[in-house]
Each structure stands twice: as structure tokens, then as C-alpha cells.
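Peer 1: One structure, as C-alpha cells, below. Some questions next.
The values are calculated or read from the model by the stated rules, or taken from the named source; none is laboratory data. Everything numeric in this text was worked out from a predicted model, so none of it was measured. Because the Cβ atoms are built from the backbone with ideal geometry, glycine has one as well, and the counts that use them run over all protein chains shown.
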Amino acid sequence: MSAAASPPAYARVLLDLPVGEAFDYRLGPDQVPPAVPGAWVVVPWGSGQRVGLVASVGSSTELDEERVREVTEVLADAPVLPADWFAFLGFVAGYYHRTLGEVALPALPKRLRTPPAARARGSVFARLRRRPLGHEADRQDTARAGAADAQAPAPAGAAHLQTPRRPEAPPTLNPHQQAALAGLREASGFRVSLLHGVTGSGKTEVYLHWLAEVLAGRPDAQALLLVPEIGLTPQLTGLLRARFAGVPLAVLHSELPDAERAAHWLAAVEGRARLVVGTRLAVLTPLPGLAAIVVDEEHDASFKQQEGVRYSARDMAVALAARRDIPVVLGSATPSLESWRAAQTGRYRLLSLPDRVHAGAWPRLRRIDPRRQAMVHGLAPDTRQAISDALARGEQALVFMNRRGFAPVLHCEACGWLSACEHCAAFRVLHRDGGGAGAPARYRLQCHHCGGQSRVPRACPGCGNVDLGPLGRGTQRLEDGLRELYPQARIARLDRDVARHRGAAGEVIAAAHRGEVDILVGTQMLAKGHDFQRLSCVVVVDADSGLFSADFRAPERLFALLMQVAGRAGRAGLASEVLIQTRFGQHPLFDALARHDFAAFADAQLAERHQAGLPPFMHQALMRVEARQLDTALAFLGQARELAADPPAGLTLFDPVPMPMARLAGRERAQLLLEAPARAPLHAFLREWLPAVASLKGAVRWQIEIDPLEI
Ligand code: ADP
Ligand code: ZN
Ligand code: ZN
């Protein structure tokens with residue numbers, strides 16, 4: 001058999017598997033032309049079928065030909081994915097030390113990568129191509145935002161792509177915004193700009209102007225706007241549709257129904273959608289005309305994937321821009337210290353919007369020491385007074401607490417029993433369901449880590465005492481307290497328990513916008529992006545848990561959160577105040593917050609990190625191991641560490657230790673931290689070390705995380 005002359009007979013196929021780079025399959029004669037690199041196939045794996053992507057084709061295989069199985073089907077209707085996308089994903093896979101298949105397959109919409117053969121054979125792609133974009137997505141927005149806020153849905157049919165829903169003229173940029181826009185315009189080719197400005201300083205307007213210019217510049221140009229969460233900011237898609245009338249928009253996020261998401265994805269991949277807005281996964285979408293990227297709220301932890309391949313969409317957006325030689329903008333009121341440092345060293349260009357667009361003083365910050373005060377329902381006298389005053393002025397108050405549920409733990413006073421989770425090193429949280437409109441309230445215990453649920457015991461499992469009580473307070477109990485304190489006020493709660501009911505979160509937000517809510521109470525879901533016009537009083541019930549955490553990033557997160565929460569007040573120019581209940585009011589973090597001086601906070605943090613040898617001055621990787629017994633996990637890490645008896649200079653492997661939460665869902669967990677002052681030697685080491693670790697024996701599961709956010 002002459003290899004040169006013979007047609008391809010084998011395909012090397014990428015599958016979502018942690019081992020092997022690609023797998024050989026035999027092609028039938030009629031499969032050869034459609035099975036080009038980048039094509040989609042269905043192949044047998046074990047006793048089932050899987051969707052895979054063709055990495056390459058060839059006329060021979062190194063495997064035993066007898067054992068090579070046949071490609072079940074080539075999905076000829078599917079878009080052939082481009083080589084430069086595979087090259088980028090190859091970079092992602094290399095950076096995170098995963099296989100290309102583990103990165104590439106999960107990047108495809110779920111509906112298209114699950115292989116029920118019937119669906120694959122029917123022309124699912126053709127149907128998706130005919131599907132109007134925006135219809136479902138807008139209906140969803142409508143449901144979320146409430147009818148008053150929503151745009152009218154697009155009429156179905158071919159004209160949908162071009163239909164402006166109320167087109168809207170953009171505001172004229174103020175001089176600071178113009179300067180920032182001019183800075184963005186200067187970039188030709190790859191450049192990272194960090195757009196820093198307090199909430200309400202007009203960052204979004206700057207991006208939108210810039211993206212409009214980029215899209216106008218070339219008929220096939222595409223722009224990618226990455227945002228932390230879309231579900232909570234239904235106004236964003238409405239704004240984009242109004243502003244980019246006539247520009248086909250694709251929306252990519254996990255809350256869309258599967259088919260809808262697949263249709264949007266396909267439009268983006270085929271270049272039919274020109275503006276693509278999405279959450280972290282969107283960065284892994286092949287976009288043929290990509291000309292510009294914006295990462296809004298770039299500091300937000302939700303850009304980091306927390307399972308599977310733990311990639312940072314922010315970091316990969318920068319890597320993608322570099323590969324495509326295009327500009328990328330990172331925007332935030334509180335940039336990550338990594339980005340802030342990059343701006344200081346000149347790697348990124350810093351563009352600043354120093355003032356809020358609508359003049360109006362920044363809210364006044366008051367620190368309230370809860371000690372020796374007559375606390376009622378967790379609120380100090382001054383706090384209660386401030387809320388009353390806002391209500392008396394006909395304004396809104398927001399009461400923030402980052403702990404959902406009724407109470408963090410159920411407790412027996414007689415013997416000290418606590419509602420520990422049987423599977424985790426954590427307590428089960430007391431939750432209440434129902435209780436409205438005469439229906440009896442029901443209580444249950446739930447673990448926020450493993451999801452495990454149990455009934456509230458009739459009597460203490462420890463001593464039989466029937467008088468069990470809640471300890472501490474979550475948002476549900478706080479809401480009860482507020483209702484008791486302010487019986488006349490209209491009170492609405494927003495947290496993940498509320499948001500679980502489809503459309504409920506949007507309804508709360510819309511009601512607040514319509515002025516139908518006097519007191520909003522809830523978790524950080526309330527902190528993001530909302531623009532409540534009459535909100536003038538913000539209360540942070542307890543700021544202390546974030547101040548003295550073992551996690552060195554805790555102050556950074558707390559500062560960002562408090563800036564964001566504080567930024568909800570006084571948006572429309574009302575005099576406003578932020579009350580923070582803390583026992584550590586003298587902490588310098590609050591001084592910087594009072595002056596809304598991110599730079600001062602960031603520079604102080606960076607100085608501390610520099611001295612302590614922490615990121616961004618150090619690069620880290622974290623190996624996590626889980627096993628039935630903690631000793632097994634620790635022993636495995638010990639062996640792994642011994643494999644690196646002689647690590648390269650500068651690289652440190654720390655001692656294996658139990659994870660901060662050592663037991664989760666019945667598994668014991670331990671970790672080993674690696675660090676180096678530069679990335680290259682760390683990655684070079686991992687490339688040699690990880691395969692050796694993989695060959696170790698032990699009844700454990702392990703994974704490596706690069707640039708971990710939580711250690
Ligand atoms: P950020 O993204 O920094 O929080 P936005 O761009 O959302 O700020 O602007 C805050 C508010 O000010 C929005 O309601 C926006 O429409 C409005 N706005 C922004 N720029 C201008 C401008 N130049 N003139 C008038 N209003 C503006
Ligand atoms: Zn007891
Ligand atoms: Zn649990």
C-alpha cells in the first residue's frame with residue numbers, strides 16, 4: 001500500500017477524555033470527503049456512542065488494524081471548525097495541562113455534543129440555522145425583567161436578524177469617556193487596555209461606542225463581550241439590541257434553553273451573528289471574524305470555571321486576543337490585582353474614568369461597631385434609624401448579607417449539638433420553605449457544599465431535648481426581622497433560593513426598578529450592575545468574615561464586593577449613605593473604601609503581596625487529591641512530592657496539607673501548592689511531573705489547577 005497515493009482511511013478523533021490526545025477510527029468510503037479536520041463525528045466508545053471532532057485524517061494507523069473501530073457517522077451538516085480555533089484550544093489545553101478533547105468538546109453546546117443518533121441524523125443543524133435568534137432569549141428576558149422593563153420580542157421569521165427593537169441613540173460621551181475611547185481607537189493589533197472607573201462612571205458606554213466602531217469598520221467583523229452573569233442583568237441584552245439595531249446578536253449563557261443556545265452558538269460560529277455577548281464559556285466559541293474583545297467586570301470570580309478544566313475566561317480572552325492580534329479591553333471598578341499590576345508595569349494600558357457620569361456625591365460611609373449596642377435582628381440602632389430615615393424620605397434601602405437560608409446552623413442549648421453535615425466538614429443550614437399566604441412554613445436542613453438535605457429533627461439527636469433553635473442569621477431570618485421592624489415597608493428578598501424559581505430574580509429586580517420595593521434584602525446578587533434610581537441607603541450587616549480569612553485574596557474580594565454594593569446607592573444623584581457593621585472599623589480597607597480610592601487599596605495590597613511573595617508576584621498551581629481517608633490523600637501527595645525530589649531552582653513544592661474544607665460529600669481532601677516566580681519554569685516542570693504523578697498508584701482522584709483563586 002503506497003501511503004502517498006492512498007486516500008485517507010483513518011480519522012484521529014478528539015473526545016472529551018482525560019487521557020490520550022486523539023483516537024483512531026476507520027472511515028468508510030463515503031465518509032472520507034466529509035471527514036476533514038474540524039468535522040464532527042459520532043464514534044463508538046465502550047458500549048456507547050460519543051460525539052468527537054476530527055483532529056486529522058491519514059492513510060494509516062499505528063494501532064492494530066483489527067482493533068480500530070469505525071466512525072459511526074460524519075455530521076456533514078455541522079460547521080467545520082477552523083484550524084486556528086484548534087490551535088487556540090491547544091494553547092488552552094497546554095496551559096491548564098489537560099487534553100485538547102477535554103477543552104474542545106465541552107466548548108460545544110450540550111445539545112450538539114450529545115449523540116442520540118436520531119437527532120444527529122435528522123438535520124439538527126439545518127433546523128438550528130432556520131431558527132430565529134433572540135425570540136426565546138428575549139422572552140426569557142421579559143420573564144425575568146417583568147413586562148414593564150422588557151423590549152418587545154422580535155417577530156419570528158427571516159427578518160428577525162435585522163429587526164431593531166426600539167433603536168436608541170447613544171449619549172454623547174463626556175470628555176473622560178472620549179479620552180478613553182480615543183485610547184482604545186489607537187490600538188491596532190494586539191493590545192490589552194484596562195478600563196478602570198467606579199460604577200456609574202460610564203465604562204459600558206465607552207465599550208459600546210468602541211464596539212460599534214469596530215463592527216462598522218469591516219462587514220465581517222465580530223465582537224465578543226464577556227460578562228460575569230447575564231441572567232441577573234436582563235437590561236444588558238435589551239440595551240445591546242436597542243443600541244446595535246441591525247447588528248445580529250448572539251447571546252451565549254447557560255440559562256438559555258439548550259436549543260436556543262445551540263442556535264445562537266451556530267450563528268456566532270458561522271459569522272452570522274456579529275456581536276456575541278456571553279459568560280465565560282463564550283471565550284471558547286470559534287468566531288471567524290473576531291476583531292475585538294471586551295471583558296466587563298474583569299475581576300469577577302465567575303470568569304473562573306470551577307469544575308472540569310478550571311480555566312479563567314479573562315486570562316484566555318487575553319491569550320486569544322494575542323493569538324488573533326486584536327485589541328482586548330478589561331473593565332472594572334475594582335480590577336483584579338493581577339491586572340492592576342500589569343497596568344503598573346506597562347504590560348497593559350491603563351485608561352481611567354475618574355468620576356461618575358451623573359454628578360452626585362459618592363455615598364457617605366459610616367462604620368458601625370456592633371459591640372455594646374442594642375442590636376435588634378442583627379441591626380444596630382444607627383442602622384435601624386438610617387433605614388427609617390430613607391423610608392420616611394420615600395427612598396429605598398438595600399440590606400446586604402452574604403449568607404442565604406434562615407440560619408447557618410441549628411443548635412441544642414442543652415447539650416451543644418449542632419446540625420453538622422454527615423458528609424462534609426460543614427454545618428447544614430436551616431432553610432424555610434413556604435410560609436406565605438397562610439400556608440404553613442416548613443423547615444429543612446441543607447448542606448451548601450454537597451447539597452445533602454435532612455428534616456429538622458423533632459428532638460435533639462444528642463440528648464432528646466425538643467427545644468432546638470437557630471443559631472445566627474441568614475437572609476430569610478433577616479427578612480423576617482426587617483418585616484417586624486418596618487411593618488409598613490414593602491420588602492423583597494433576592495438570593496439564590498429566590499432565584500431558583502425561573503423569572504423570580506428578574507421580577508424582584510423589576511419591581512425594585514418600578515419603585516414597588518422599599519427594602520431590598522439579599523446576597524451579592526443584589527450587588528451586580530443594578531441601577532435602582534431611588535436607592536439611598538445601603539447596609540452591610542456583617543463585613544468581618546471577609547477581613548481576617550486565611551485566604552490572602554479575601555480582602556481583595558471584600559473590597560470589590562463593598563465597592564459594588566456601595567455603588568448601588570445614590571446612582572441618580574440622591575444624597576446617600578453606606579453603613580457597614582464591623583468590629584474592625586479602623587481597618588485601612590474601610591478608609592480606602594470611604595474615599596472610593598481603589599488605587600490606594602490596591603497599592604497597599606500589592607506591597608503586602610510583594611513582601612509575602614504572593615501572586616501576582618508569584619505563580620501558583622495547586623494539586624488537589626480526594627480519597628476515602630485523609631491519610632490516603634496525604635500519602636499520595638507525599639509520593640507525588642517525592643517524585644520531585646530535585647525541583648528546578650526557584651520552584652517550591654509545599655508540604656501536602658488537608659484542604660481548608662477537608663471533607664466534602666464524603667471524600668477527604670488534601671492539597672499541595674506549587675509556586676515559582678515565573679510561569680515558564682512552573683509549566684515546564686508540570687509537563688514532566690504530571691505524567692509521572694499519573695502513573696502513581698493509589699485509590700485517589702486528583703487534579704491540577706493553574707492560577708488557583710482559592711487556596
Ligand atoms: P459603568 O459601566 O461604569 O457602571 P455606565 O456606562 O453603565 O457606567 O453608565 C452609568 C449610567 O450613566 C448609565 O445609565 C448610562 O446610560 C449613563 N451614561 C453613561 N455615559 C453617559 C453620557 N456620556 N451621558 C449621559 N449619560 C451617560
Ligand atoms: Zn441536645
Ligand atoms: Zn455536605
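Peer 1: Tally time: how many residues in segment 100-140 are touching a strand residue (DSSP E or B) at 6+ places or on another chain (Cβ under 8 Å) and either part of a loop (DSSP other than H, G, I, E, B) or modelled with pLDDT of 95 or more (or both)?
Peer 2: Let us first name the residues in segment 100-140 that are touching a strand residue (DSSP E or B) at 6+ places or on another chain (Cβ under 8 Å), namely 100-101, 104-105, 108, 112-115, 117, 120-121, 133-134, 137.
Restricting the remaining residues to those that are either part of a loop (DSSP other than H, G, I, E, B) or modelled with pLDDT of 95 or more (or both) gives 100-101, 104-105, 108, 114-115, 133-134.
So the answer is 9.
Peer 1: A further question follows. With the condition kept exactly as written, say whether any residue in segment 181-199 is part of a loop (DSSP other than H, G, I, E, B), within 16 Å of ligand 1 (Cβ to nearest atom) and either modelled with pLDDT under 95 or within 25 Å of Gln344 (Cα to Cα) (or both). Talk me through it step by step, then tell me what you get.
Peer 2: To start, the set of residues in segment 181-199 that are part of a loop (DSSP other than H, G, I, E, B) comprises 187-190, 198-199.
Checking the rest, the ones that are also within 16 Å of ligand 1 (Cβ to nearest atom) come to 198-199.
Filter once more, so that each one left must be either modelled with pLDDT under 95 or within 25 Å of Gln344 (Cα to Cα) (or both): 198-199.
Yes, segment 181-199 contains at least one residue that is part of a loop (DSSP other than H, G, I, E, B), within 16 Å of ligand 1 (Cβ to nearest atom) and either modelled with pLDDT under 95 or within 25 Å of Gln344 (Cα to Cα) (or both).
Peer 1: Same structure, new question: In segment 175-233, how many are over 24 Å from Ala527 (Cβ atoms) and either within 16 Å of ligand 2 (Cβ to nearest atom) or among the basic types (Lys, Arg) (or both)?
Peer 2: Total satisfying the criteria: 3.
Peer 1: On to the next question. Does segment 658-665 contain at least one residue that is loosely packed, with under 15 Cβ neighbours inside 10 Å and among the basic types (Lys, Arg)? Break it down stepwise before answering.
Peer 2: Of the residues in segment 658-665, the ones loosely packed, with under 15 Cβ neighbours inside 10 Å are 660-661, 665.
In the following step, the residues that additionally are among the basic types (Lys, Arg) were identified as none.
No, there is no match, as no residue in segment 658-665 is loosely packed, with under 15 Cβ neighbours inside 10 Å and among the basic types (Lys, Arg).
Peer 1: Inspect segment 385-408 for any residue being within 16 Å of ligand 3 (Cβ to nearest atom) and either in contact with a Phe, Trp or Tyr (Cβ under 9 Å, 6 or more places away or on another chain) or among the hydrophobic types (A, V, I, L, M, F, W, C) (or both) and give the result as yes or no.
Peer 2: The answer is yes, given that some residue of segment 385-408 is within 16 Å of ligand 3 (Cβ to nearest atom) and either in contact with a Phe, Trp or Tyr (Cβ under 9 Å, 6 or more places away or on another chain) or among the hydrophobic types (A, V, I, L, M, F, W, C) (or both).
Peer 1: Can you name every residue in segment 507-524 that is in contact with a Lys or Arg (Cβ under 7 Å, 6 or more places away or on another chain) and surrounded by fewer than 24 Cβ atoms within 10 Å (Cβ to Cβ)? Break it down stepwise before answering.
Peer 2: Narrowing segment 507-524 to residues in contact with a Lys or Arg (Cβ under 7 Å, 6 or more places away or on another chain): 515-518, 521-523.
Result: Gly515, Glu516, Asp518, Thr523.
Peer 1: Next question, about the same structure. Scan segment 337-351 for residues that are in a helix (DSSP H, G or I) and touching a strand residue (DSSP E or B) at 6+ places or on another chain (Cβ under 9 Å) and report the count. Write out each step before concluding.
Peer 2: Within segment 337-351, the first condition is being in a helix (DSSP H, G or I), and the residues that meet it are 337-344.
Cutting the leftovers down to touching a strand residue (DSSP E or B) at 6+ places or on another chain (Cβ under 9 Å) gives us 339-340, 342-344.
Final tally of qualifying residues: 5.
Peer 1: Is there a residue in segment 202-220 that is assigned by TED's automatic domain parsing to the domain that holds Arg341 and part of a strand (DSSP E or B)? Spell out the reasoning first.
Peer 2: At the first step, the residues of segment 202-220 found to be assigned by TED's automatic domain parsing to the domain that holds Arg341 are 202-220.
Subset that is part of a strand (DSSP E or B): none.
Within segment 202-220, not a single residue is assigned by TED's automatic domain parsing to the domain that holds Arg341 and part of a strand (DSSP E or B).
So that you can scan it fast, the table gives a plain yes or no per residue for (1) part of a strand (DSSP E or B); (2) among the β-branched types (Val, Ile, Thr); (3) modelled with pLDDT of 95 or more:
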{"residue": "Arg50", "(1), (2), (3)": "yes, no, no"}
{"residue": "Val54", "(1), (2), (3)": "yes, yes, yes"}
{"residue": "Asp77", "(1), (2), (3)": "no, no, no"}
{"residue": "Leu81", "(1), (2), (3)": "no, no, yes"}
{"residue": "Asp84", "(1), (2), (3)": "no, no, yes"}
{"residue": "Ala87", "(1), (2), (3)": "no, no, yes"}
{"residue": "Ala93", "(1), (2), (3)": "no, no, yes"}
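Peer 1: Sort out which residues of segment 406-443 are more than 16 Å from ligand 2 (Cβ to nearest atom) and closer than 27 Å to Met659 by Cβ, and write them in order of number. Break it down stepwise before answering.
Peer 2: Taking segment 406-443 and keeping what is more than 16 Å from ligand 2 (Cβ to nearest atom), we get 406-408, 421-426, 429, 431-443.
Once the filter is applied, which keeps residues that are more than 16 Å from ligand 2 (Cβ to nearest atom) and closer than 27 Å to Met659 by Cβ, segment 406-443 yields Ala407, Pro408, Cys421, Glu422, His423, Cys424, Ala425, Ala426, Val429, His431.
Peer 1: In the set Ala633, Ala645, Ala670, which member is in contact with a helix residue (DSSP H, G or I) (Cβ under 8 Å, 6 or more places away or on another chain) and either assigned to a strand (DSSP E or B) or assigned by TED's automatic domain parsing to the domain that holds Val693 (or both)?
Peer 2: Details: Ala633 fails: in contact with a helix residue (DSSP H, G or I) (Cβ under 8 Å, 6 or more places away or on another chain); Ala645 fails: in contact with a helix residue (DSSP H, G or I) (Cβ under 8 Å, 6 or more places away or on another chain).
Among Ala633, Ala645, Ala670, only Ala670 is in contact with a helix residue (DSSP H, G or I) (Cβ under 8 Å, 6 or more places away or on another chain) and either assigned to a strand (DSSP E or B) or assigned by TED's automatic domain parsing to the domain that holds Val693 (or both).
Peer 1: Residues that are away from ligand 3 (no atom under 16 Å from the Cβ) and surrounded by 13 or more Cβ atoms within 10 Å (Cβ to Cβ): find the strands (runs of 3 or more DSSP E) completely inside segment 438-501 holding 2 or more of those. Spell out how you get there, then give the answer.
Peer 2: Working: elements: 442-446, 453-455, 468-471, 491-494.
Filter on segment 438-501 gives 468-471, 491-494.
Peer 1: To continue, here is another question. Any residue at all in segment 252-267 that's more than 16 Å from ligand 3 (Cβ to nearest atom), out of contact with any strand residue (DSSP E or B) (no Cβ under 6 Å at 6 or more places or on another chain), under 30 Å from Arg595 (Cα atoms) and not small (Gly, Ala, Ser)?
Peer 2: no
Peer 1: Moving on to the next point. Any residue that is within 16 Å of ligand 3 (Cβ to nearest atom) and surrounded by fewer than 15 Cβ atoms within 10 Å (Cβ to Cβ) - is there at least one of those in segment 409-419?
Peer 2: yes
Peer 1: Here's something else I'd like to know. If you take the residues in segment 452-486 that are touching a residue at least 12 places away in the same chain (Cβ under 8 Å) and among the small types (Gly, Ala, Ser), which one is nearest to Ala425 (Cα to Cα)?
Peer 2: Per the stated criteria, the residue is Gly452.
Peer 1: Shifting gears a bit: For segment 352-409, give me the residue count where each residue is without any contact (Cβ under 8 Å) to a residue 60 or more places away in the chain and within 30 Å of Pro171 (Cα to Cα). Even if it seems obvious, please write down each step before you answer.
Peer 2: From segment 352-409, those without any contact (Cβ under 8 Å) to a residue 60 or more places away in the chain are 372-375, 381, 385, 392; that's our starting set.
Next, from what is left, pick out any that are within 30 Å of Pro171 (Cα to Cα): none.
The number of residues fulfilling the criteria is 0.
Peer 1: Please specify each residue of segment 579-594 satisfying the condition of being out of contact with any helix residue (DSSP H, G or I) (no Cβ under 9 Å at 6 or more places or on another chain) and in a loop (DSSP other than H, G, I, E, B). Working first, answer last.
Peer 2: Narrowing segment 579-594 to residues out of contact with any helix residue (DSSP H, G or I) (no Cβ under 9 Å at 6 or more places or on another chain): 585-586, 594.
If the condition is that a residue be out of contact with any helix residue (DSSP H, G or I) (no Cβ under 9 Å at 6 or more places or on another chain) and in a loop (DSSP other than H, G, I, E, B), then Gly585, Gln586 are the ones that fit.
Peer 1: Another question about this same structure. Determine whether Leu589 is more than 16 Å from ligand 1 (Cβ to nearest atom), farther than 23 Å from Ala492 by Cα and surrounded by 20 or more Cβ atoms within 10 Å (Cβ to Cβ).
Peer 2: yes
Peer 1: Any chance you could count how many residues in segment 526-545 are part of a helix (DSSP H, G or I), surrounded by fewer than 21 Cβ atoms within 10 Å (Cβ to Cβ) and in contact with a helix residue (DSSP H, G or I) (Cβ under 9 Å, 6 or more places away or on another chain)?
Peer 2: First, the residues of segment 526-545 that are part of a helix (DSSP H, G or I): 526, 544-545.
Next cut, surrounded by fewer than 21 Cβ atoms within 10 Å (Cβ to Cβ) only: 544-545.
Still in the running and in contact with a helix residue (DSSP H, G or I) (Cβ under 9 Å, 6 or more places away or on another chain): 545.
Residues meeting the conditions: 1.
Peer 1: Shifting gears a bit: Pick out the one residue from Val277, Val198 that is farther than 24 Å from Leu128 by Cβ and not charged (D, E, K, R).
Peer 2: Going through Val277, Val198 in turn, the sole match is Val198.
Peer 1: Residues that are at pLDDT below 95 and among the charged types (D, E, K, R): find the helices (runs of 4 or more DSSP H) completely inside segment 231-324 holding 3 or more of those. Can you show your working first?
Peer 2: Details: elements: 234-243, 258-269, 313-324.
Ranges flagged: 258-269.
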